[in-house]
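What follows is a set of notes on a single structure, which appears directly below.
Just so you know, all these numbers are worked out from the coordinates, no wet-lab data involved. Computed from a prediction, not measured in an experiment: that's the story for all the values here. Using ideal geometry, Cβ is built from the backbone for each residue, glycine included, and neighbour counts are taken over all protein chains shown.
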């Protein structure tokens with residue numbers, strides 16, 4: 001079990017790190033676009049869409065990693081005053097709501113993406129790239145979130161019952 | 001089910017899940033899923049995924065990760081140290097010079113950095129030790145950092161403005177420019193408070209030792225170099241928006257390149273620095289993006305259930321005409337600000353409030369500036385004042401949270417004054433954007 005959990009951690013981290021590298025080309029593209037537009041008077045067709053594609057993919061690919069590092073904001077007015085074990089008990093219960101959200105979202109996102117792949121949907125702009133890579137990234141990101149959340153749930157449950165870290 | 005009942009059940013589910021410590025993003029999503037399944041059936045969720053997908057590919061949202069990346073690079077670039085040193089030596093002759101220097105430096109930094117956390121942490125590390133060593137009163141020292149750092153909400157390029165613009169459908173560039181004058185008014189009020197307070201009670205801020213102040217003019221001039229890069233950077237980001245050269249999202253990219261150049265000039269640019277900035281950026285922007293996604297889903301479901309009409313009717317029933325409604329909204333926002341982070345507030349209330357504001361004939365850009373003032377208040381006010389926790393993360397156990405709360409109070413009241421000015425005189429916000437080149 002321990003091995004499986006650390007594999008999930010490693011997977012989330014790897015995908016998240018990969019996603020973070022999408023930001024750098026976005027910055028470079030913007031610089032390129034500004035130079036092309038004002039110095040060569042040749043505005044590009046593809047930069048503004050690449051910007052949203054790069055950033056859009058990074059939001060979904062890094063989410064599981066942010067979850068692993070406990071970065072999603074919560075209100076800790078009461079939660080913050082509990083002991084670690086009490087928190088683990090509560091987290092194990094609220095996991096059900098997280099899992100409900102992610103499972104339904106995963107199903108809906110897969111359906112949404114599958115429809116798009118079937119018709120070969122493109123953005124119908126001048127550049128006209130296909131949109132399925134972003135939609136697939138969304139499905140992958142949600143699946144990873146569910147996986148990472150479940151790994152956290154198993155750890156919480158173990159800690160809640162046994163009082164020791166898994 | 002009637003819309004009144006749905007609203008109550010929705011709020012009850014939302015609050016119940018929120019106090020259990022489930023992250024806000026999942027609270028919004030889970031509440032939305034529960035209500036979409038019971039009210040409409042599963043296929044509505046496919047529609048909601050469509051809304052989330054639109055949000056993922058939102059052009060204005062691109063500016064958020066880019067400004068975060070810019071702030072992360074700047075934090076390592078040493079630019080804040082140089083800036084603070086220059087400003088503080090030049091404001092040396094004043095009593096409370098370090099605190100005044102903190103406010104001025106925060107204002108200049110805020111013109112490059114759009115996130116409050118980065119500002120408070122940076123100046124908590126740079127400016128606070130010096131003030132405490134000089135035995136500054138806590139009200140001056142701690143308060144000036146929280147209040148000054150909070151100005152990143154109002155001084156462009158503020159991430160709060162970007163998010164407001166996206167939810168309200170207002171132009172980001174106009175909002176950025178509109179925030180400048182109210183932001184400067186706020187800074188002036190803070191500096192005025194420090195001058196008056198230290199004049200009335202000189203023991204609150206002992207003056208700098210003579211030898212430290214009486215630096216030869218030549219050395220003082222050399223220190224001004226610390227202002228060059230920050231000014232260039234702020235001008236290139238804001239100037240390109242103001243002059244219509246670049247969209248705000250592109251300006252954020254220009255800012256990132258500028259930050260990298262600044263770090264390189266200071267010989268602080270490393271590969272591992274870029275890498276850690278990217279990692280930090282993606283974690284923060286994923287956290288923010290999933291809040292957007294959750295909010296899109298819950299607001300989408302609530303609107304489908306007829307909630308927008310219900311909120312409109314309820315708000316319209318506030319007495320004393322349209323100003324009564326504006327003041328009522330302020331009170332709601334300030335109240336929410338005590339418990340919720342700004343991002344939760346903007347995402348949950350603005351889709352419902354902004355159409356009402358437009359119907360009443362108010363300007364959405366002006367309302368955005370007013371909203372940012374509200375959020376500055378929420379940053380400073382207990383019990384959930386993010387600025388306090390950011391500063392607490394730097395000072396450690398030496399200074400109790402209660403002391404930081406009390407230190408913030410004078411600045412909090414001054415922010416209410418600035419809020420009153422912004423509400424009463426829309427021209428303060430709207431004059432500069434009206435001069436913009438488009």
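When only alpha-carbon atoms count, how far does the stretch B:222-295 stretch along each of its three principal axes, as whole angstroms with the largest first?
Extents along the principal axes, in whole Å: 50, 35, 17.
Compute the Kirkwood hydrodynamic radius of the stretch A:37-101, taking the inverse of the mean of 1/r over all pairs of distinct Cα atoms, and give it in Å to one decimal.
Result for the stretch A:37-101 stands at 15.7 Å.
Using alpha carbons only, what's the Rg to Rh ratio of the stretch B:114-246 with Rh from Kirkwood?
Working: Rg = 17.8 Å, Rh = 17.1 Å.
Radius of gyration relative to Kirkwood radius: 1.04.
Any chance you could run the full-extension gain for residue B:403 through residue B:4? It's 0.36 nm times the residue separation minus the Cα-Cα distance, nm to one decimal.
Residue separation times 0.36 nm, minus the Cα-Cα distance, leaves 139.4 nm.
Over the Cα atoms of the stretch B:238-381, what is the Rg over Rh ratio if Rh follows Kirkwood?
Numbers: Rg = 19.6 Å, Rh = 18.2 Å.
Ratio of gyration radius to Kirkwood radius: 1.08.
Taking Cα atoms, how many degrees apart are the long axis of helix A:47-61 and the longest axis of chain A, rounded to 10 and kept between 0 and 90?
10 degrees
Kirkwood hydrodynamic radius for the protein assembly as shown: how many Å is it when counted over pairs of different Cα atoms?
25.1 Å
If I stretch the segment between residue B:54 and residue B:335 completely, what's the gain in nm (0.36 nm per residue apart, minus their alpha carbon distance), one decimal?
My answer for the length gained is 98.1 nm.
Expressed as a fraction of 2.2 N^0.38 Å, the rule-of-thumb size for a compact globular protein of N residues, what is the C-alpha radius of gyration of chain B?
For chain B, the normalised Cα radius of gyration comes out at 1.00.
Give the separation of the Cα centroids, the stretch B:83-114 to the stretch A:89-138, in Å.
47 Å
With everything on Cα atoms, drop me the angle between helix B:159-168 and the longest principal axis of chain B, reported from 0 to 90° to the nearest 10.
Between the helix axis and the principal axis of chain B, the angle is about 20 degrees.
So, by mean Cβ neighbours within 10 angstrom, what's the order for A:46-53, B:416-423 with the highest one leading?
A:46-53, B:416-423
Need one number: nm distance between label points at residue A:45 and residue A:32, each 7 Å from Cα along Cα→Cβ, rounded to one decimal.
Placing both labels 7 Å beyond Cα along the Cβ direction yields 1.6 nm.
For the pair residue A:7 and residue B:416, how long in nm is the line joining their label points, each one 7 Å along Cα→Cβ?
5.9 nm
Could you work out how far helix B:401-424 tilts from the main Cα principal axis of chain B, as a 0 to 90 degree angle to the nearest 10?
Tilt relative to chain B: about 70 degrees.
Quick one: grab Rg to one decimal and Dmax as a whole number for the stretch B:106-171, Cα atoms only, in Å.
14.0, 48
In cubic angstrom, how much convex hull volume per residue do the alpha carbon atoms of the stretch B:63-116 span? Working shown, then result.
On the way: hull volume 3.1 nm³, N = 54.
Cα-based convex hull of the stretch B:63-116, divided per residue, equals 57 Å³.
Over 5 Å intervals from 0, what percent of Cα-Cα pairs in the stretch A:86-166 sits in each interval?
Calculated P(r), rounded to whole percents: 3, 15, 18, 15, 12, 10, 9, 7, 5, 4, 2, 1.
Relative to the present Cα-Cα distance, how much length would full extension add between residue B:261 and residue B:434 at 0.36 nm per residue of separation?
Details: separation 173, 0.36 × 173 = 62.28 nm, distance 3.24 nm.
The span from residue B:261 to residue B:434 would gain 59.0 nm if fully extended.
In Å and whole numbers, how far do the C-alpha atoms of the stretch B:1-71 stretch along each principal axis, longest first?
47, 29, 18
If you consider only alpha-carbon coordinates, what radius of gyration and Dmax does the stretch B:1-155 have, in Å?
Here Rg and the maximum Cα pair distance are 22.6, 69 Å.
Hey, could you grab the Kirkwood Rh for chain A? Inverse mean 1/r over distinct alpha carbon pairs, Å, one decimal.
It works out to 18.3 Å.
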